[in-house]
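Encoded as structure tokens, the structure appears first; notes follow it.
What follows draws every value from the coordinates through simple rules; no lab data is involved. Small disclaimer: the values here were computed from a predicted structure and weren't measured. All Cβ positions, glycine included, derive from the backbone under ideal geometry; neighbour counts span all protein chains shown.
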Amino acid sequence: MFKLFQKLLTVGIIGGIIFVGIGDQFLPKPLSTYSLNTRNMINAKLITLMPKPKPKVQRLTEEREKQIENFK
């Protein structure tokens, strides 16, 4: 019983990956739209989980500002 469940689970996971990954390229119209929408939703969710890069703000010291002025 466990082996059957394991095989069905494996086939389901592989089928899901194929559906999301490339399903919009070969499936008929309603399913291809679902595949594309699912992939876009997964991408959007993963992007929100990524940390946003914080730009490093570098303040110029007085000495550096003087060097820049002398360079001009």
Against the conditions (1) in a loop (DSSP other than H, G, I, E, B); (2) touching a Ser or Thr at 6+ places or on another chain (Cβ under 9 Å), where does residue 23 fall short? Just the number, please. (1)
Taking first residues from the stretch 1-25 that are closer than 19 Å to residue 36 by Cβ and second residues anywhere that are surrounded by 10 or more Cβ atoms within 10 Å (Cβ to Cβ) and of a type in the set (A, V, I, L, M), the pairs with Cβ under 6 Å that are 6 or more apart or on different chains are 24/36
Of everything in the stretch 32-72 that's loosely packed, with under 10 Cβ neighbours inside 10 Å and hydroxyl-bearing (Ser, Thr, Tyr), which residue is farthest from residue 22 (Cα to Cα)? 61
